[in-house]
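Notes follow the structure.
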Amino acid sequence: MPTSSASTTDASAKPTAASGGVQSLERAFDLLERMADAGGEVGLSELSAASGLPLPTIHRLMRTLVACGYVRQQPNRRYSLGPRLIRLGESASRLLGTWARPYLARLVEETGETANMALLDGDEIVYVAQVPSKHSMRMFTEVGRRVLPHSTGVGKALLAHTPADEVRALLARTGMPAATEKTITTPEGFLEALEQVRAVGYAVDDNEQEIGVRCLAVSVPNSPTAAAISISGPAGRVTEAVAESFVPILQGVAAELSVALQSQNPA
């Protein structure tokens, strides 16, 4: 049942001057995003410190979110993201993938290689769309597949501008298992790879997720949700030499996709 935070007498339910929205809703979604950034489970004091909101306000909002199924209270009295968010996330991911497919198809036409779109969901990378190459030898990643960020080009592209302490915290939670002998398995090595991404403007998975496969990836700038696109193919085709011509194509398509996604999500 909704708590007093939804009451018309609660100041947090009044429209805010800045956005014209309802303050209690803005605060609730902010708390959900902070929970996701923290790995999905937090205590009230952590949320209060991070958001600047008083504990009674957070407690009212969390009770409402628990009642609606979007948050769960654990036996240790900490709060975790709830199961109803899964349905919303899956539906949003499918829709995002549908919007992205024409842009991925252009990547395939212009590079000849398989094109993918991926998001950072919690601590994992999830692939939400793919258009396969027309080559008989091509790469295939199942839509919905989840992988760890440290071994993928899209993971590097998505984390390139994340503060180093947050990257270290994520890697501590996930571990850094070696998918191949070329996988980066130390936080220092991964942070160096992210520095390289920032320097050159794109990320590379060089046989790190699967031997014989090479991937080039860029983030989608100013996307409503953090997203990256990539092309992947046999290492013999996706060479350092072709990166010079492929990367500008990737960056151009990412910029156009960004505009399209923002038009679907006006401020």
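List of remarks:
- Among Val66, Val154, Val218, a tally of other beta-carbon atoms within 10 Å of each Cβ gives an order, fewest to most, of Val66, Val218, Val154.
- With 0.36 nm allotted per residue and the present C-alpha distance subtracted, the Asp206-Arg72 stretch has 44.2 nm of extension available.
- In segment 207-265, inverting the average of 1/r over every pair of distinct C-alpha atoms gives 12.3 Å as the Kirkwood radius.
- In this structure, Val22 and Leu191 have a Cβ-Cβ separation that, at R0 = 35 Å, corresponds to a calculated FRET efficiency of about 0.30.
- Angle in degrees between helix 164-174 and the longest Cα principal axis of the chain, rounded to the nearest 10: 90 degrees
- Per-selection Kirkwood Rh - segment 88-264 (Cα, Å, 1 d.p.): 15.9 Å
- Computed from Cα positions, the angle between helix 240-264 and the longest principal axis of the chain comes to roughly 30 degrees.
- A Förster radius of 45 Å, combined with the Cβ-Cβ distance separating Glu33 from Ser136, puts the computed FRET efficiency at roughly 0.55.
- Within-13-Å neighbourhood charge of Thr183 [Cβ basis; K, R +1; D, E -1]: -3
- Residues of the chain were split at every exposed loop site, defined as GluC sites (Glu not before Pro) in a DSSP loop with at most 15 other C-beta atoms within 10 angstrom, and the longest piece left, sites excluded, is 1-141.
- Relative to the longest principal axis of the Cα atoms of the chain, helix 23-37 runs at roughly 50 degrees.
- Computed over segment 169-267, the range of Cα coordinates on each principal axis works out to 43, 35, 22 Å, biggest value leading.
Every number here is computed from the coordinates shown, using simple stated rules; none is lab data. Everything numeric in this text was worked out from a predicted model, so none of it was measured. Counting neighbours? That spans all protein chains shown, and the Cβs are built from the backbone with ideal geometry, glycine included.
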